[in-house]
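Novice: Just dropping this structure here.
The values are calculated or read from the model by the stated rules, or taken from the named source; none is laboratory data. Computed from a predicted structure; not experimentally measured. Counting neighbours? That spans all protein chains shown, and the Cβs are built from the backbone with ideal geometry, glycine included. Please note that ligands, DNA and RNA were not included when accessible areas were found on the heavy atoms of the full protein model with its side chains. Shrake-Rupley method; radii C 1.70, N 1.55, O 1.52, S 1.80 Å.
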2 protein chains.
Amino acid sequence: MSIENVIDAAMGRVPCELVLRNCNIVNVFSGEIEQGDIGIYAGQIVGIGDYDGEQSVDVEGKFVSPGFFDSHVHIESSMVEVPEYARAVVPRGTTSVVIDPHEIANVLGLDGIRYMLESSKYNPLNVFVMLPSCVPATQFETAGAYLRAFDLYPLIRDKWILGLGEMMNFPGIINNEPEVLDKVKMATNNYKRIDGHAPGLTGKELNAYISAGIYSDHECTTVPEAREKLAKGMHIMIREGSATKNLHDLLPLINEKNARRILFATDDRHPNELLDQGHIDYMLKEAVAFGVDPIEAIRMVTLNAAEYFDINKIGAIAPGYMADLVILDDLKDFQIADVYKKGQLVAHRGKLTIELSHPRNIFLRSSVNIKWLTPDDFKIKAKAKNIRVIGLIPKQIITEELILPAKIVDGYAESDIERDILKIVVVDRHNASDKISIGFVKGIGLKSGAIAQSIAHDSHNIVAVGTNDDDLIKAVIEVSKMKGGIAVVADGEVVETLALPVAGLISNKPLEYVREKADSLIRALKNLGATVHDPMMALSFLCLPVIPQLKITDKGLFKVDDFDFVDLFVKE
Amino acid sequence: MSIENVIDAAMGRVPCELVLRNCNIVNVFSGEIEQGDIGIYAGQIVGIGDYDGEQSVDVEGKFVSPGFFDSHVHIESSMVEVPEYARAVVPRGTTSVVIDPHEIANVLGLDGIRYMLESSKYNPLNVFVMLPSCVPATQFETAGAYLRAFDLYPLIRDKWILGLGEMMNFPGIINNEPEVLDKVKMATNNYKRIDGHAPGLTGKELNAYISAGIYSDHECTTVPEAREKLAKGMHIMIREGSATKNLHDLLPLINEKNARRILFATDDRHPNELLDQGHIDYMLKEAVAFGVDPIEAIRMVTLNAAEYFDINKIGAIAPGYMADLVILDDLKDFQIADVYKKGQLVAHRGKLTIELSHPRNIFLRSSVNIKWLTPDDFKIKAKAKNIRVIGLIPKQIITEELILPAKIVDGYAESDIERDILKIVVVDRHNASDKISIGFVKGIGLKSGAIAQSIAHDSHNIVAVGTNDDDLIKAVIEVSKMKGGIAVVADGEVVETLALPVAGLISNKPLEYVREKADSLIRALKNLGATVHDPMMALSFLCLPVIPQLKITDKGLFKVDDFDFVDLFVKE
């Protein structure tokens, strides 16, 4: 594809490779619908006009939009590799995503980031990358990698790297921590973007955070919060994820004056919602149902994203732009007929029409490295009568600290099925160290068996909950045997598993398989008595020591209000 | 100015250097007016909020806008050096300009560009530069420099260089001329912008031109033309210059859907209009009088320009942005009270309040190099009875070709005052070569004397018109003696001059002086009988061999429709 060839095609000196005829084109520049034929050559749009094409497709008056843009997503949350993710989202019109490979980077560091870059190649999806800014997220757990500015530096100029990912460490910014500001300067000095992550930050703290050069945020939960951030220069990414949903709360933010500063993002999307509800197409449909002008809504997932991330030639239907196109039946339900990527038909009526390059042979070392467990490792001697118990709160990721009497058997604290106080263990899975911490959790509801998984934000050690030590240890070992994943064990037998051999986070199987296995795991857990809505998701947040109140990492029980570790046993 | 200090100030840990209190802030992100105090530290806005300042200024509810942006201007047209230009436009609220030093580059090449960069330093004006793309503009005249991609390459990555200037050579683009595309690739490969210049280009030719990566245009003269270009991805710069005025014709283009893609530019601004009418402030006033929303209008000269040129941290009032601020009495007449540049008060009520660095000692060689003239050089032997005469058309830069009988004296063709057919000569002033061409022009109206000037688009050779050879030659020599400029001579005496020693285009005197001298030159010419509206401007376009119909360069008479040189004498 040379510029000369494209000019020749635009002039009509050579025929286009493809002409889409009778289009109702969504023109994101004029904000209007434009009738015409789109000439495409060498993957680029050469123009709208009277072109001859080697191939000609009559779209019969359907709407043609630029491909959609997800401005912030962790693909790891969908538990599939990039090609599988592409297979799910491309037929829904998404042709560009900006990923922050924060999860895999916490496990495998730069190898993880490179793996995501490498596995993104040759897919019908532009995968842009923001370098994870906070690996590890905290010092209170053992991560698989420690990425400082010095480590990220070799990647910052890569053309697929758009900047520095969500800067969760806002205390580090506003308190001028040198290591944090080094990362900021690395991005700024290379004219790259820095994404924000500043839930609830306001006033002078927000001013200071933005002053550092952080001009986006996807953590707004209310219109006033979003309004303040937008007025202060942040591009607002309205997020509709699986763990956190803000779309309907934030739609009233949008008006014709500020719309250009608003983008859409999914952040995380579990397999079931990706398959059942959709992706950016779902957000568009909801926005239009709410009353947002359809073209304005499409701008948020095309032009606005391209402008914020400073990406040329993507996000519009105009000469010189990449021919990433979505053919839509309407601009209300966003029913998608076809998707073209670089001028090639890649999806029709919800299905990819091309072969994926998956599975490609990308070397990635196994990421589960635990010490050789013995039956005694999960035993804990009672040091007092009362213990601190992590109390789940239904459908929230915050927890409460409960002080309850322990069930003590032969001098050891054990799970108490009657009172639903179950043993929870976290095992360092990165360094095969002795770091194993033991606590208790209330609210899971298991009556027998155990579950273990290698998904546990943000360091992704192995977390396990069980009614007895034998099942607990067997579940953890099963996760290790699978090179990561999720295992449910009962009465000494493995009941169900989902192997996640890529960093212990991602399956190497199709999305539908992952979804079925996840459903099957939940069914198995419910059969064992689980009462919590989504046991795996609940477990995945129990290690996150930045969300109140009582959490557990491989280093111990952590009380967020004290911002320090606390003893399991409460001295009288 | 370190990021750490700015964060400290934003947090309120150190006092701001300046706080502007009781502001009605034009928020270009939200599109709304916001009340508040603006904290400024180290030249940057740290935030809007309750800040303490070493200095505190109550603006008493006046409007505060980001400094204005002229998106495309040739400062040479104002005939003053950059500091003098800044003195004129900064008090009118302009704090950023994007210049294309095309005129000086045609004379002095890279030295000219570097001179503009150098003389822009330490002024209260951000002077961004687009590298001239078309030096020389054509092969039909002798320029002072030939800049190929290879020559421009060392400058393209400079932080003040935003890209490649107006690509006038659209035939070169759409016909894939390698030298032209090399320049385009140089800009594109360095992620820099390419400004367009494509009057009247439409359809496939426009598609091809844009496909090359050219995403702006400032040559639209009608709304339909602008609409097509905007829909195809061009940012439309609405121009109101001295030579060409499009503002009022294009204001109806603007609507709330497309406004984000519209910018304002002046292109060229002569001293009298700069002083009497103004700059971007004038365009804003006219736009608002027409009915454009004032905040939307301000966006066109702030945020929209910054976004198009990919300039961070200029063009808005928000944390981390440069404190380039305009304090306005109102958003209707755009009466400007004060201007702050990087947090420093630099202008009050139309006057700069700081000392300019002008004149700085920047070495620049003299640019007028003509052969040693003898009285015979301007004589022309009659070869036929009829001659081709350049016919001026009042107030237009196009001309007509007239075939008229020559006045022949002693075998030589001479000026005929009776019929207003005057001798015009063009002298190569770059290479001191023998290249002198002689023609005749009708419509100037001089009854005695002569005028010579070193401003003659685009190569800026010396052009002179006179009623007799003695005055003609004296005027040309006078221009040479001044190292360039404009000279009026009558009856062997120098009547009036304006020295332009900087490249023969720019004075080293104040703008007011230049304006007075220019007025005086016009008065002198009118006294000598001149009937044309602005004789110097008329002369300056007579050498431009791309505007129909009959023109003259140092290489000869040029007929634009034939796109070739023609003989002065018409054979029977």
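Novice: Would you point out the residue of segment A:417-428, among those that are open to solvent by 10 Å² or more (accessible area, probe 1.4 Å) and in contact (Cβ under 8 Å) with a residue 12 or more places away in the chain, that is nearest to A:Thr531 (Cα to Cα)? So that I can check it myself, show each step before the final result.
Specialist: Initially, segment A:417-428 is screened for residues open to solvent by 10 Å² or more (accessible area, probe 1.4 Å), giving A:417-420.
Imposing the further condition that a residue be in contact (Cβ under 8 Å) with a residue 12 or more places away in the chain reduces the set to A:417, A:419-420.
Details: A:Ile417: 13, A:Arg419: 13, A:Asp420: 10 Å.
Going through the qualifying residues, I end up with A:Asp420.
Novice: If the Cβ limit is 7 Å and pairs must be 6+ apart or interchain, which residue in segment A:28-52 that is more than 8 Å from chain B (Cβ to nearest Cβ) and without any contact (Cβ under 8 Å) to a residue 40 or more places away in the chain pairs with which residue that is polar (S, T, N, Q) and part of a strand (DSSP E or B)?
Specialist: Going by the 7 Å Cβ cut-off, the qualifying pairs are A:Gln35/A:Asn24.
Novice: Check whether at least one residue in segment B:159-171 is closer than 16 Å to A:Glu4 by Cβ, at the interface with chain A (Cβ under 10 Å from one of its Cβ atoms) and in contact (Cβ under 8 Å) with a residue 12 or more places away in the chain, and report yes or no. Spell out how you get there, then give the answer.
Specialist: Taking segment B:159-171 as the starting set, the residues that turn out to be closer than 16 Å to A:Glu4 by Cβ are B:167, B:169-171.
If we keep only those that are at the interface with chain A (Cβ under 10 Å from one of its Cβ atoms) too, we end up with none.
The answer is no; no qualifying residue exists.
Residues checked against (1) in a strand (DSSP E or B); (2) surrounded by fewer than 19 Cβ atoms within 10 Å (Cβ to Cβ); (3) of a type outside the set (Val, Ile, Thr):
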| residue | (1), (2), (3) |
| --- | --- |
| B:Ser77 | no, no, yes |
| B:Val80 | no, no, no |
| B:Ala86 | no, no, yes |
| B:Glu103 | no, no, yes |
| B:Glu118 | no, yes, yes |
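Novice: State yes or no: is B:Gly61 within 14 Å of chain A (Cβ to nearest Cβ) and either out of contact with any Cys (no Cβ under 7 Å at 6 or more places or on another chain) or open to solvent by 10 Å² or more (accessible area, probe 1.4 Å) (or both)? Before the answer, list the steps.
Specialist: Details: within 14 Å of chain A (Cβ to nearest Cβ): no; either out of contact with any Cys (no Cβ under 7 Å at 6 or more places or on another chain) or open to solvent by 10 Å² or more (accessible area, probe 1.4 Å) (or both): yes.
Here the answer is no, as B:Gly61 does not meet what is asked.
Novice: Can you confirm whether A:Gly466 is small (Gly, Ala, Ser) and in contact with a strand residue (DSSP E or B) (Cβ under 8 Å, 6 or more places away or on another chain)?
Specialist: On the way: small (Gly, Ala, Ser): yes; in contact with a strand residue (DSSP E or B) (Cβ under 8 Å, 6 or more places away or on another chain): yes.
Criteria met by A:Gly466.
Novice: What are the pairs, 6+ residues apart or on separate chains, where a residue within segment A:174-186 that is at the interface with another protein chain (Cβ under 8 Å from one of its Cβ atoms) has its Cβ under 8 Å from a residue that is of a type in the set (Asp, Glu)?
Specialist: As it stands, the answer is A:Ile174/A:Glu205; A:Asn176/B:Glu4; A:Asn176/B:Asp8; A:Leu181/B:Glu4, since those pairs meet every condition given.
Novice: Only one of these is touching a Cys at 6+ places or on another chain (Cβ under 6 Å) and either surrounded by fewer than 24 Cβ atoms within 10 Å (Cβ to Cβ) or within 11 Å of another protein chain (Cβ to nearest Cβ) (or both): B:Ala145, B:Ala208, B:Ala226. Name it. Break it down into steps so the answer makes sense when it comes.
Specialist: On the way: B:Ala145 fails: touching a Cys at 6+ places or on another chain (Cβ under 6 Å); B:Ala208 fails: touching a Cys at 6+ places or on another chain (Cβ under 6 Å).
Going through B:Ala145, B:Ala208, B:Ala226 in turn, the sole match is B:Ala226.
Novice: Kindly check whether there is at least one residue in segment A:325-333 that is open to solvent by 20 Å² or more (accessible area, probe 1.4 Å), more than 25 Å from the chain's Cα centre (by Cα) and closer than 27 Å to A:Ser216 by Cα.
Specialist: So far as segment A:325-333 goes, no, none of its residues is open to solvent by 20 Å² or more (accessible area, probe 1.4 Å), more than 25 Å from the chain's Cα centre (by Cα) and closer than 27 Å to A:Ser216 by Cα.
Novice: Let me confirm something: among B:Leu472, B:Leu525, B:Leu511, B:Leu500, which residue is in contact (Cβ under 8 Å) with a residue 60 or more places away in the chain and touching an Asp or Glu at 6+ places or on another chain (Cβ under 7 Å)? Steps first, answer last, please.
Specialist: Values: B:Leu472 fails: touching an Asp or Glu at 6+ places or on another chain (Cβ under 7 Å); B:Leu525 fails: touching an Asp or Glu at 6+ places or on another chain (Cβ under 7 Å); B:Leu500 fails: touching an Asp or Glu at 6+ places or on another chain (Cβ under 7 Å).
Checking each option against the conditions leaves just B:Leu511.
Novice: Something else about it: Do we have any residue at all in segment A:390-410 that's on the phi > 0 side of the Ramachandran plot and open to solvent by less than 50 Å² (accessible area, probe 1.4 Å)? Please lay out each step first, then the result.
Specialist: Here is the first cut: in segment A:390-410, the ones on the phi > 0 side of the Ramachandran plot are A:395, A:410.
Then keep just the ones that are open to solvent by less than 50 Å² (accessible area, probe 1.4 Å); that gives none.
No, that holds for no residue.
Novice: Just need a number here: residues in segment A:286-316 that are of a type in the set (A, V, I, L, M, F, W, C), open to solvent by 50 Å² or more (accessible area, probe 1.4 Å) and either within 22 Å of the chain's Cα centre (by Cα) or within 12 Å of another protein chain (Cβ to nearest Cβ) (or both).
Specialist: So the first thing to find is which residues in segment A:286-316 are of a type in the set (A, V, I, L, M, F, W, C), and the list is A:287-290, A:292, A:295, A:297-298, A:300-301, A:303, A:305-306, A:309, A:311, A:314, A:316.
Add one more test, that the residue is open to solvent by 50 Å² or more (accessible area, probe 1.4 Å), and what stays is A:289-290.
Still in the list and also either within 22 Å of the chain's Cα centre (by Cα) or within 12 Å of another protein chain (Cβ to nearest Cβ) (or both): none.
Here the count works out to 0.
Novice: For B:Val339, only one of the following conditions fails: (1) within 14 Å of chain A (Cβ to nearest Cβ); (2) under 30 Å from B:Val59 (Cβ atoms). What is its number?
Specialist: (1)
Novice: Using the structure shown, decide if B:Lys232 is at pLDDT 95 or above and within 14 Å of chain A (Cβ to nearest Cβ).
Specialist: Taking the combined requirement at face value, the residue satisfies it.
Novice: While we're here: For A:Val90, are the conditions met, namely being out of contact with any helix residue (DSSP H, G or I) (no Cβ under 9 Å at 6 or more places or on another chain), buried (at least 24 other Cβ atoms within 10 Å of the Cβ), more than 14 Å from chain B (Cβ to nearest Cβ) and over 18 Å from B:Gly233 (Cβ atoms)?
Specialist: Values: out of contact with any helix residue (DSSP H, G or I) (no Cβ under 9 Å at 6 or more places or on another chain): yes; buried (at least 24 other Cβ atoms within 10 Å of the Cβ): yes; more than 14 Å from chain B (Cβ to nearest Cβ): yes; over 18 Å from B:Gly233 (Cβ atoms): yes.
Yes.
Novice: I want to confirm something. Restricting to segment B:529-546 and keeping residues that are open to solvent by 40 Å² or more (accessible area, probe 1.4 Å) and of a type outside the set (Ser, Thr, Tyr), which single residue is nearest to the chain's Cα centre (by Cα)?
Specialist: Residues of segment B:529-546 that are open to solvent by 40 Å² or more (accessible area, probe 1.4 Å), as a first pass: B:531, B:533, B:537, B:546.
In the following step, the residues that additionally are of a type outside the set (Ser, Thr, Tyr) were identified as B:533, B:537, B:546.
Numbers: B:His533: 20, B:Met537: 13, B:Val546: 18 Å.
Among those residues, the one meeting the criterion is B:Met537.
Novice: Something else about it: Out of all the residues in segment B:127-148, is one or more touching a residue at least 60 places away in the same chain (Cβ under 8 Å) and among the aromatic types (Phe, Trp, Tyr)?
Specialist: yes
Novice: A further question follows. Give the residue that is nearest to the chain's Cα centre (by Cα), with candidates limited to residues of segment A:243-266 that are touching a residue at least 40 places away in the same chain (Cβ under 8 Å) and within 14 Å of chain B (Cβ to nearest Cβ). Before you say what the answer is, go through the steps one by one.
Specialist: Pass one, segment A:243-266, residues touching a residue at least 40 places away in the same chain (Cβ under 8 Å): A:243, A:247-248, A:251, A:254, A:256, A:259-266.
Retained after the next criterion (residues that are within 14 Å of chain B (Cβ to nearest Cβ)): A:254, A:256, A:259-263.
On the way: A:Ile254: 24, A:Glu256: 29, A:Ala259: 24, A:Arg260: 24, A:Arg261: 22, A:Ile262: 19, A:Leu263: 16 Å.
Only one residue fits best here, namely A:Leu263.
Novice: Anything in segment B:1-27 that is open to solvent by 40 Å² or more (accessible area, probe 1.4 Å) and more than 10 Å from chain A (Cβ to nearest Cβ)? List them, or say none.
Specialist: Within segment B:1-27, B:Met1, B:Val14, B:Pro15, B:Glu17, B:Arg21, B:Asn22 qualify.
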